[in-house]
Amino acid sequence: MICHNIHFDGAILAWIFGIVPKVYIDTLSMARAIHGTNAGGSLKALSERYNLGVKGTEVLDAKGKRLEDFQSHELHQYGEYCKNDVKLTAKLFAALNVSFPLEEFQLIDITTRMYTEPTLTVDDGLLITRLEDVEKEKEELLQGLMKKLKCETSEDVRKKLASNNQFADLLEELGVTVPLKESPATGKLTYALAKNDLGFIELCEHEDSFIQELCSVRLGTKSTMEESRIKRFLDIGARNKGLLPVPLRYYGAHTGRWSGQDKINFQNLPSRDPNKRALKNGILPPDNHVILNVDSSQIEARILVWLAGQEDVTEQFRKGEDVYSNFASKVYNREITKANKIERFVGKTCVLGLGYGTGWKKLQHTLETQPPGAKLPDFECQNLVRVYREINHKVIDLWAECDRAISDIASWQDGKTPYYIGKHNVLKVTKEGIQLPNGLYLYYPDLEKDVSGPRSEFVYKSRRGKVTVWGGSIVENVVQALARIVIGEQMIAINNKYKPILTVHDAIVCVAPEEEKDMALEFMMKEMSIPPKWGKDLPITCEGGYADNYGEC
């Protein structure tokens with residue numbers, strides 16, 4: 001079955017009419033993968049892009065009408081409009097299917113079935129109890145903000161936070177980067193703090209629940225994000241006989257990763273604070289089943305050094321050594337093991353973060369704010385950055401390669417020969433962007449050098465405005481894109497035996513009968529330890545477990 005934006009049509013056909021096709025194909029998903037997430041994805045826009053025909057406006061003209069409001073000729077016109085949509089979708093599929101990777105068709109189908117064939121259920125009692133606790137916590141937050149902002153009422157707090165400047169000042173005080181956008185009026189950067197700005201929407205889903213709560217107060221909403229999600233989980237469960245469809249957007253991020261939608265973002269459910277894990281703990285498998293969650297261990301750090309040709313660190317991963325402790329040992333000039341929790345935490349934060357050009361100030365903030373936390377002076381953070389760059393010189397060389405690639409893509413001349421960056425010939429720089437081993441591209445639309453600021457820098461156009469890029473950020477993009485391809489290949493392999501019901505970043509989630517749980521876990525971990533076809537010497541591994549709810553596995 002081929003649809004454009006398949007979740008709705010697929011769900012109606014499956015849930016209401018019992019029609020479940022052998023394969024789901026979604027032209028919207030295909031278009032996002034082929035043209036990038038910033039390209040227009042509506043059927044109208046794509047029909048115009050490919051010169052397929054005119055979509056028509058009958059559906060807009062009929063807005064607000066019920067069936068009995070239609071005259072016979074209007075109903076006929078509406079039917080012709082629907083038939084035209086079908087024809088346009090068929091033509092669009094033919095246009096997009098010229099060289100679409102087979103594996104990506106499989107991933108679209110798997111992603112669709114997470115929604116149209118729901119497996120998980122909702123623990124109503126647990127979520128209702130948590131909802132009561134959240135309401136108490138929110139009142140305590142308001143009282144604290146009233147004191148901090150010297151306000152007499154909660155309404156005064158909201159008014160203060162409604163000010164862009166005051167809200168931005170508070171975010172900066174908390175060490176949070178204030179999102180920016182290009183002003184359509186002046187063309188200059190301004191705060192992206194309106195409720196519909198993507199930057200602000202991301203703040204509303206920040207990993208720190210306190211930031212989420214600040215955003216809810218700013219908007220004057222009665223519910224924090226956690227409250228809204230709990231209520232939505234309960235509502236969906238009530239409407240679907242307790243079942244919880246998983247709405248993931250295939251190719252939702254710039255790097256090809258999945259993203260959340262339908263106001264349920266499974267990609268960032270609270271998990272660190274035990275008191276706020278009710279959303280995850282409230283997700284249950286069917287009776288007599290367990291949930292299995294297997295995560296590719298340190299996959300981005302492994303791909304980074306492998307891609308850069310940093311063979312000494314790659315070999316450490318290959319041998320199963322503790323790379324975090326190894327780096328910390330070099331920093332502290334003594335042997336660090338897992339028993340040295342703070343020192344190893346410092347090493348882990350450096351290994352995972354400094355490979356993309358993070359500066360010492362951001363490193364300092366991360367070390368201080370992430371558990372278990374380490375408050376280090378300026379000079380020590382500066383030394384950590386220096387040591388990392390001296391030891392991992394091949395990674396620094398990769399930044400330089402990507403700096404050159406940005407410049408070449410922005411000024412590509414006809415006749416220029418595409419070339420590879422990094423080791424192993426898996427990333428090709430072309431006029432269109434950076435071609436990945438699955439044949440798809442990382443796009444940087446309207447990439448150009450911006451010389452209007454204090455220093456010249458490359459920027460490209462995205463839905464959130466202009467995005468600044470440089471070698472380190474490009475390295476982060478390609479590493480995440482490669483990690484996504486690895487996870488996709490593993491998901492397809494696992495689907496041969498157990499249906500993936502969710503993927504979060506570098507993890508795959510399935511369910512299995514209680515009596516098969518050990519065999520299922522062994523199977524998943526075996527598949528997620530096999531390197532990809534295009535990187536047979538890439539040292540990957542995984543860790544996982546199972547439980548009777550999602551939060552515990």
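Things worth noting here:
- Residue-averaged [θ]222 nm for the chain, counting only DSSP H segments that reach four residues, each worth -39500 (n - 2.57): -15000 deg cm²/dmol
- Additional length obtainable on full extension of the chain from Ile128 to Asp414, 0.36 nm per residue less Cα span: 96.8 nm
- The phi-based Karplus calculation (6.51 cos²θ - 1.76 cosθ + 1.60; θ = phi - 60°) puts the 3J(HN,Hα) values of the range 193-205 at 10, 6, 4, 9, 6, 4, x, 6, 4, 5, 4, 5, 10 Hz, whole numbers, x for Gly and Pro.
- Cα-Cα P(r), the chain, percent of pairs per 20 Å interval: 18, 53, 28, 2, 0
- Stokes-Einstein diffusion coefficient of the range 83-187, Kirkwood radius over Cα pairs, 10 °C, 1.306 mPa s, in µm²/s: 79
- Hits among lysines - C-alpha to C-alpha of Lys91 under 25 Å, sequence gap 8 or more where chains match: Lys22, Lys44, Lys55, Lys83
- Label point distance in nm, Asp61-Met519, each placed 7 Å from Cα along Cα→Cβ: 6.0
- Phi to ³J(HN,Hα) by Karplus 6.51 cos²θ - 1.76 cosθ + 1.60 over the range 47-55, Hz, x for Gly, Pro: 5, 6, 4, 9, 6, 8, x, 9, 6
- Under-5 Å amide H pairs with His4, H placed in peptide plane, nonlocal only: Thr27
- A simple rule links phi to the HN-Hα coupling: the Karplus curve 6.51 cos²θ - 1.76 cosθ + 1.60 with θ = phi - 60°, which for the range 5-16 gives 6, 7, 4, 5, 4, x, 5, 4, 5, 6, 7, 9 Hz, with x for Gly and Pro.
- Cut-off 18 Å (backbone N to label point 7 Å along Cα→Cβ of Ile12), residues of the range 64-106: 64-70, 75-90
- Applying 1/(1 + (r/R0)^6) with r as the Cβ-Cβ distance of Ile19 and Arg463 and R0 = 35 angstrom yields a FRET efficiency of 0.55.
- Computed from the C-beta positions of Gln370 and Glu543 and an R0 of 25 Å, the FRET efficiency is 0.80 to the nearest 0.05.
- Of Gly144, Phe458, Gly544, farthest towards positive along the dipole that unit charges on Lys, Arg, Asp, Glu beta carbons give the chain: Phe458
- Exceeding the 25 Å Cα-Cα cut-off - candidates Lys87/Lys466; Lys181/Lys362; Lys138/Lys231: Lys87/Lys466
- On a per residue basis, the range 427-553 carries 44 Å² of accessible surface, using protein heavy atoms and a 1.4 Å probe.
- Placing pseudo-labels 7 Å out from each Cα toward the beta carbon at Trp470 and Ser452 gives an inter-label distance of 2.0 nm.
- Sparsely packed trypsin sites (Lys or Arg not before Pro) within the range 286-349, loop by DSSP, other Cβ within 10 Å at most 13: Lys319, Arg334, Lys338
- Accessible surface computed residue by residue for the range 81-192, with neighbouring protein chains in place and a 1.4 Å probe, gives 55 Å² per residue.
- Between Asn333 and Ser99, the simple spin-label model (points 7 angstrom out along Cα→Cβ) gives 5.5 nm.
- Whole-percent carbon and sulfur share, accessible surface of the chain, 1.4 Å: 50
- Overall form of the range 282-416 per C-alpha gyration tensor (a/c, 1.5; a/b vs b/c): oblate
- Taking GluC sites (Glu not before Pro) in DSSP loop states with no more than 12 other Cβ atoms inside 10 Å as exposed sites, the chain has its longest site-free stretch at 336-553.
- Accessible area (Å², per residue) of the range 274-337, counting only protein heavy atoms and a probe of 1.4 Å: 40
- Gyration tensor (alpha-carbon) shape descriptor, the range 422-477, a/c threshold 1.5: prolate
- Under 5 Å from the amide H of Gly433 lies no amide H of any residue 5 or more positions distant or on a separate chain, with H modelled from the backbone and absent for Pro and chain starts.
- Remark: the Glu205-Lys241 segment gains 10.2 nm on full extension, using 0.36 nm per residue and subtracting the alpha carbon distance.
- Amide H partners (placed H, <5 Å) of Ser462, local residues excluded: Val467
The values are calculated or read from the model by the stated rules, or taken from the named source; none is laboratory data. Since this is a predicted model, take the numbers as computed values, not measurements. Methodologically, a virtual Cβ is constructed for each residue, glycine included, from the backbone with ideal geometry; neighbour enumeration extends over all protein chains shown. Accessible surface areas use protein heavy atoms only, side chains included; no ligands, DNA or RNA. Shrake-Rupley method; radii C 1.70, N 1.55, O 1.52, S 1.80 Å.
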